[in-house]
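Trainee: My questions will all concern the structure given below.
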Amino acid sequence: MKKIFAASVWLELMAAFLSFNMFAQDKSAQALNAIHEYVQSMTARQKIGALCVMNFRFWTDSPLGHKDYKPALAAENPEIFAAQNKINSTIYKTIRQYKIGSVILFGENMTSGAEAKKFIRDLNAAALDGGNLPLLFFADQEGGNVARVYDFSTPSAMAIAKSGNAQNAFLCGKANGQLLLDYGINVNLAPVCDVASNPQNPVIGIRSFSDKPEEAAEFSAAFSQGLLSAGVLPCAKHFPGHGDTSVDSHLDLPTINSSLAKWKKREALPFKANIKKDIPLIMTAHIQCPNLDKTKIQSSKDGKKITAPATLSKKIITKILRGSLGYKGAVISDAMDMRAIFDNWSPNESFVLAVNAGCDLVINPINVYSKKDLEFLEDFFCKVEEALQSGALEKKALDSAVVRVLELKQKAGLIQIQNGKIVPLPQKIVAMDKEQKQKAAQTCAQIQIDAARASQRNFTMPLKIRSKKILAFVPFQDKTEVLQKYFAARGAANVDFVCYEEKKSVAASEKAKIKSADLILVFTHLTGNAVKDKKLWQAAYPAALAKEIKKAAKAKHCVGVSMNLPYDSELFAQKDGFAWTALYNYTQAGYARAAQALFE
């Protein structure tokens with residue numbers, strides 16, 4: 001009887017499960033049908049606008065302008081361009097008239113918390129005023145030196161991994177998500193899934209969790225889950241992997257010559273781990289990978305045929321990412337105003353190539369930093385519309401991209417399906433109170449300190465500073481001031497600071513200070529370029545300094561503190577008596593954490 005009863009209960013449970021599963025599938029199918037119907041009702045211009053992720057990073061009221069569009073306008077004319085954190089008539093018109101679907105925020109937009117929050121609300125209102133759906137708001141909030149919201153500091157990816165606990169990645173992801181949603185930003189362009197396999201990499205470095213693929217996979221996936229727990233969508237980047245480059249794609253077009261077999265064992269692993277966790281968004285890299293795709297496309301700027309960068313490669317995005325790896329979510333390009341792309345194609349050309357390749361969202365397709373830029377924006381839209389009419393832009397690719405963008409907005413809680421129709425929802429903002437911010441800040445600070453202590457070699461933290469004559473070598477003046485304030489607040493008066501920015505050799509006066517110091521701290525800022533070229537000051541001065549400290553028989557009184565890439569540990573050799581640790585965070589907050597780890 002008991003067995004019959006148990007079997008009956010089991011059958012009822014299975015029936016309920018199957019019924020629920022069928023209901024969920026039916027509901028999902030209804031939502032997808034509603035989205036497809038909405039897309040079919042859209043004009044070409046609405047579809048193009050839906051894929052654009054615009055930035056309003058700078059602004060000028062100057063009538064000066066270029067005859068031809070140049071995305072580096074702000075950098076070329078910093079005296080007339082200012083950080084922008086207020087909506088104006090041109091920005092309002094851009095959002096409303098061109099049916100823009102998304103905006104990416106930068107540090108320049110976030111100089112004032114209150115103004116930034118109003119700016120974000122006003123941008124969303126502009127979209128709604130034009131009968132558009134709510135905006136997706138993006139930001140690069142990786143932690144460490146790549147952050148857009150500054151209410152409190154979070155550790156870099158490498159620092160998180162060096163703490164040794166993947167739960168810390170979850171907590172940092174959650175903290176970054178809470179920070180963003182406090183402003184109304186619903187998508188974080190993080191985590192970085194690149195494997196730090198090349199010490200000469202000038203752009204990834206400590207933004208990567210690890211040089212070990214399995215570790216990068218574990219920690220990036222945990223970071224993603226932390227973001228999702230806070231209600232913010234994560235984005236794995238930069239597919240198919242930007243870690244093994246020695247060229248910055250902001251400045252040029254890098255090439256990775258790894259074999260397909262090597263890529264599968266190394267670069268692919270973090271992306272596969274995040275795909276397994278249903279990550280909703282993946283960003284492409286502007287890098288050539290000839291062993292993944294040999295396809296050549298012609299540069300309209302110089303006429304040369306070049307290997308298609310991943311952002312413009314249908315094989316890499318559609319066949320490998322969506323096909324081989326089974327990815328179902330949305331794909332977003334890296335910024336299209338980076339020179340790897342802009343030096344080879346016009347904005348409308350790169351947009352068409354990216355969408356045809358499988359990109360659903362295009363970052364910075366064209367920048368609007370002045371009233372004059374509206375002319376370039378209109379020209380951009382007209383040319384993309386012409387490409388659609390001629391068939392150069394594939395209608396199927398465009399429609400599929402818009403569908404995935406709307407699905408992303410649904411996941412972000414910006415729209416819902418009611419009675420077979422898409423209905424916009426109120427802007428999603430989850431305020432953090434003072435106590436929540438303080439708790440999250442303390443958690444992140446402790447993770448940063450744990451990373452330093454896990455990296456320490458040949459000494460024990462905390463160091464004693466009472467009655468000691470301390471000499472600190474610091475690479476930047478603003479960081480020197482952070483440390484000066486730290487010591488002054490603790491009554492440590494016998495501290496001497498040497499800022500060595502742009503120096504390559506040790507002065508006689510500095511050698512004399514070395515001889516009389518009880519404790520020597522050498523803070524370093526090693527870059528990928530300096531790993532490649534030891535003559536650059538970031539590598540040359542610390543090397544000369546370590547040599548002088550050793551000559552003065554002061555190695556046992558010296559601690560090397562690596563604030564950026566940790567590949568300079570060999571300068572402070574343990575066999576010579578040097579101590580060493582790493583913070584993996586060269587921001588001002590990173591220096592404050594360094595002092596805290598060393599002395600508290």
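Laboratory data are not the source of any read-out in this text; all were calculated from the coordinates shown. Computed from a prediction, not measured in an experiment: that's the story for all the values here. All Cβ positions, even for glycine, are placed from backbone atoms using ideal geometry, and neighbour counts span all protein chains on display.
Trainee: Please give every one of the lysines within straight-line cross-link reach of LYS315, meaning a C-alpha to C-alpha distance under 16 Å, and leave out same-chain neighbours fewer than 8 residues apart.
Mentor: Within reach: LYS264, LYS294, LYS296, LYS328.
Trainee: Out of (1) 28.2, 88; (2) 26.1, 95; (3) 29.9, 90, which label holds the value of Rg and Dmax of the Cα atoms in Å that was computed here?
Mentor: It is the value labelled (2).
Trainee: Projecting each Cα onto the charge dipole of the chain (Lys/Arg +1, Asp/Glu -1 at the beta carbon, about the Cα centre), which of GLN418, TYR500, PHE137 comes out farthest on the positive side?
Mentor: TYR500
Trainee: Pairs of Cα atoms under 8 Å, at least six residues apart: use those to get the relative contact order of region 255-364, whole percent. Write out the running numbers ahead of the final one.
Mentor: Working: 164 pairs, mean separation 30.8, N = 110.
So the answer I get is 28 percent.
Trainee: What spacing in nm lies between the two simple spin-label points modelled at ALA454 and LYS511, each 7 Å away from Cα in the Cβ direction?
Mentor: 4.1
Trainee: Okay, next question. Work out the charge dipole of the chain with +1 on the Cβ of Lys and Arg and -1 on the Cβ of Asp and Glu about the Cα centre, then indicate which of LEU171, HIS250, SER28 is farthest towards its positive end.
Mentor: Comparing the listed Cα positions along the dipole, LEU171 ranks first.
Trainee: What's the angle, to the nearest 10 degrees (0 to 90), between helix 477-489's Cα axis and the longest principal axis of the chain?
Mentor: With both axes taken from Cα atoms, the answer is about 70 degrees.
Trainee: So what's the angle, to the nearest 10 degrees on a 0 to 90 scale, between helix 434-455 and the longest Cα principal axis of the chain?
Mentor: 60
Trainee: Further, regarding this structure: Cα gyration tensor of region 186-236, axes a ≥ b ≥ c as square roots of the eigenvalues: rounded (a/c below 1.5), prolate (a/b > b/c) or oblate?
Mentor: Oblate.
Trainee: Cut-off under 22 Å on the C-alpha distance; same-chain residues fewer than 8 positions from LYS437 excluded. Which lysines are left, in chain and number order?
Mentor: Output for LYS437: LYS117, LYS118, LYS174, LYS428.
Trainee: Sequence neighbours fewer than 8 away in the same chain don't count; with that in mind, list the aspartates and glutamates whose C-alpha is under 18 Å from LYS277.
Mentor: Qualifying aspartates and glutamates at Cα under 18 Å: ASP194, GLU214, GLU215, GLU218, GLU267, GLU407.
Trainee: Please report the relative contact order for region 186-330, taking Cα pairs under 8 Å with a sequence separation of at least 6, and give it as a percent rounded to a whole number.
Mentor: On the way: 282 pairs, mean separation 34.7, N = 145.
Reported as a whole number, the value is 24 percent.
Trainee: Right, here's the next one. Using the Cα gyration tensor of region 72-224, with a ≥ b ≥ c the square roots of its eigenvalues, what is the shape: rounded (a/c below 1.5), prolate (a/b larger than b/c) or oblate (neither)? Don't jump to the answer; show the numbers that get you there.
Mentor: On the way: a/c = 2.33, a/b = 1.81, b/c = 1.29.
Since a/c reaches 1.5 and a/b is larger than b/c, the shape of region 72-224 is classed as prolate.
Trainee: Follow-up question, since we're still on this one. Express as a percent, rounded to the nearest 5, the fraction of DSSP beta bridges in the chain (both residues included) that run antiparallel. Mind dumping the intermediate values first?
Mentor: Details: 12 of 50 bridges.
Just about 25 percent of them are antiparallel.
Trainee: Helix-derived [θ] at 222 nm for the chain: sum -39500 (n - 2.57) over DSSP H runs of at least 4, divide by residue count, nearest 500? Walk me through the numbers on the way to the answer.
Mentor: Working: 20 runs with 261 residues, N = 600.
Theoretical 222 nm ellipticity from helices: -14000 deg cm²/dmol.
Trainee: For VAL498, what residues show an amide H to amide H distance below 5 Å, using hydrogens built from the backbone and excluding near sequence neighbours?
Mentor: ALA472, PHE473, VAL474
Trainee: Right, here's the next one. Tell me the label-point distance for the pair LYS277, ALA573, using the 7 Å Cα-to-Cβ offset, in nm and rounded to one decimal.
Mentor: According to this spin-label approximation, the distance is 4.1 nm.
Trainee: Follow-up question, since we're still on this one. Please tell me the relative contact order of the chain in percent, rounded to the nearest whole number, where contacts are Cα pairs under 8 Å and at least six residues apart.
Mentor: Details: 1233 pairs, mean separation 85.9, N = 600.
Relative contact order, the chain: 14 percent.
Trainee: Additional query: What do you get for the angle between helix 213-230 and the principal long axis of the chain? Use alpha-carbon atoms, 0 to 90 degrees, nearest ten.
Mentor: 60
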